[in-house]
1. Quick check, is residue 154 in contact (Cβ under 8 Å) with a residue 24 or more places away in the chain, of a type in the set (A, V, I, L, M) and crowded, with 18+ Cβ neighbours inside 10 Å?
2. Can you name every one of the helices (runs of 4 or more DSSP H) wholly within segment 107-205 that holds 2 or more residues which are of a type in the set (Lys, Arg)?
3. Anything in segment 228-254 that is among the polar types (S, T, N, Q), farther than 30 Å from residue 204 by Cβ and in contact with a Ser or Thr (Cβ under 9 Å, 6 or more places away or on another chain)? List them, or say none.
4. Going by what's in this entry, would residue 261 be described as under 23 Å from residue 345 (Cβ atoms), at pLDDT 95 or above and in contact with a helix residue (DSSP H, G or I) (Cβ under 9 Å, 6 or more places away or on another chain)?
5. In the set 198, 257, which member is within 29 Å of residue 272 (Cα to Cα) and over 19 Å from the mean Cα position of the chain (by Cα)?
6. Kindly indicate whether residue 391 is in contact with an Asp or Glu (Cβ under 8 Å, 6 or more places away or on another chain), without any contact (Cβ under 8 Å) to a residue 60 or more places away in the chain and not assigned by TED's automatic domain parsing to the domain that holds residue 178.
7. Filter segment 17-35 for residues that are under 30 Å from residue 45 (Cβ atoms) and buried (at least 16 other Cβ atoms within 10 Å of the Cβ) and give the result.
8. Considering only residues of segment 157-179 that are surrounded by fewer than 16 Cβ atoms within 10 Å (Cβ to Cβ) and within 21 Å of the chain's Cα centre (by Cα), which is farthest from residue 133 (Cα to Cα)?
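The values are calculated or read from the model by the stated rules, or taken from the named source; none is laboratory data. What you are looking at is a predicted structure, and each value in this text was computed from that prediction instead of being measured. Here the Cβ positions follow ideal geometry from the backbone for every residue, glycine too, while neighbour counts run over all protein chains shown.
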Amino acid sequence: MGANGSMQPPWSRLTVLNRLTYNILFTLILPLIIVRLLWRSLKAPAYARRWAERFGLATLDKTQRDQKGRWLWIHAVSVGESIAAAPLIRKLRAEHPELPIVVTTMTPTGSERVREMFGSDVCHVYAPYDHPFAVTNFLRRFQPHTLVIMETELWPNIIHYMKAAGGRVIVANARLSEKSARGYEKFPKLGRPMLQQIDCIAAQAENDALRFQRLGVGQEQLRVTGSIKFEIDVPGELQNQRAVLADLIEGERPVLIAASTREGEEEKVLLAYKACLRKMPDLLLVLVPRHPERFRAVAKLVQEHGLTLVKRSDNTPVSELCNVFLGDSMGEMLSYFSISDVAFVGGSLVPTGCHNVLEPAALGLPVLVGPSQFNFQTICEQLEEAGALSSVPDADGLASAVLQLFDDPDLRNRMGAAGRGVILENRGALQRSYEIVWDYCENALSALTLNNFDAKK
């Protein structure tokens, strides 16, 4: 039942058949998934650990086991979604400290980020694979009353079995790019019933809501809340963290950051940087790859370009002769932005979709992105319309934009101020999202209390 007590539509025979086909295919590819985990573990050993959790076999202590039936489950696939979920989790913890929260991620970097942000305040385990065996194991252990999926990480079995167990399903901070919508349209017999089972989709923007409607989501399921990502929490200790990094950099140098870069993108960034060096020989590049397992490969690439390098992990001074400061650490992105003058956000010069453009905007940096923006399409459009962000077509365009910004301090300041303005204007999504989530939680917990009372009678 939904939060309003309405029954979910029954599964048709055709829907059951489609889901059965999906389960058979998932079972067949499961060995390949395991092989991929092993392959990834060669570069990132954390992928070889805690496999039991991926099959729903999380180990809980007695206190955690005693919370059965009271858990709020929040799924945040990786680092970006974990960061987006953080303000919501903090508000839920502040308002309802008695509410047990289990947070699931798919990646070790996401796991590390959750534990770094919340420690033991929440329970973290890896999300179960979308296989009946794994999902039902997970649900038996936690018996969550409500599932909050951050953004759009939708899995048919997770949603189906959660609803079959009487739980609520919410998609918070939901986004749906045109590319993703077309992907769902290719499998309507599986995707449409899955989407129709969701109790509430809290969309970031009207365009996202319209795309969900196109896929068969009812108007009554949809709310437009804005993006929680605008609720950026700049920590009070950032000034101290900035001072630590700034002290490592010798001399007064202009600083360009290339943040969250992806494979194949560093090559383009380095070419653009070398073009800038011809006019700005003192320009320092802070290069921060998205995935830690690639730190070593990127360091090698920098050296192959004939550039001098200092790694953050070395904790040694960045001399005036150094070209590249490699951000091979986790959890310091805001600190890297804080020592920079201009920000390029990665994932945008390769077809993976750009990463979080709001963090540099919140710190008053002019933002540059490539043409691949679908992960933050609406937000990029907002920032660009406000004059806070510029799109570049390629490496040459990036070099030209960087040189223009460093040649025009007034332009840098205007773009930075415009970015902060957009952030301030769009606050409020957190409160709206919190009210939706807590409404469903409260209804679910009330029903649980009533059922327990009836059982005692």
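1. yes
2. Ranges flagged: 108-118, 132-142, 178-185, 188-197.
3. Passing the criteria: only 239.
4. Criteria met by residue 261.
5. Step by step, each of 198, 257 is checked, and only 257 is within 29 Å of residue 272 (Cα to Cα) and over 19 Å from the mean Cα position of the chain (by Cα).
6. Values: in contact with an Asp or Glu (Cβ under 8 Å, 6 or more places away or on another chain): yes; without any contact (Cβ under 8 Å) to a residue 60 or more places away in the chain: yes; not assigned by TED's automatic domain parsing to the domain that holds residue 178: yes.
Against the criterion (in contact with an Asp or Glu (Cβ under 8 Å, 6 or more places away or on another chain), without any contact (Cβ under 8 Å) to a residue 60 or more places away in the chain and not assigned by TED's automatic domain parsing to the domain that holds residue 178), residue 391 qualifies.
7. Within segment 17-35, just 26 meets the criteria.
8. 178
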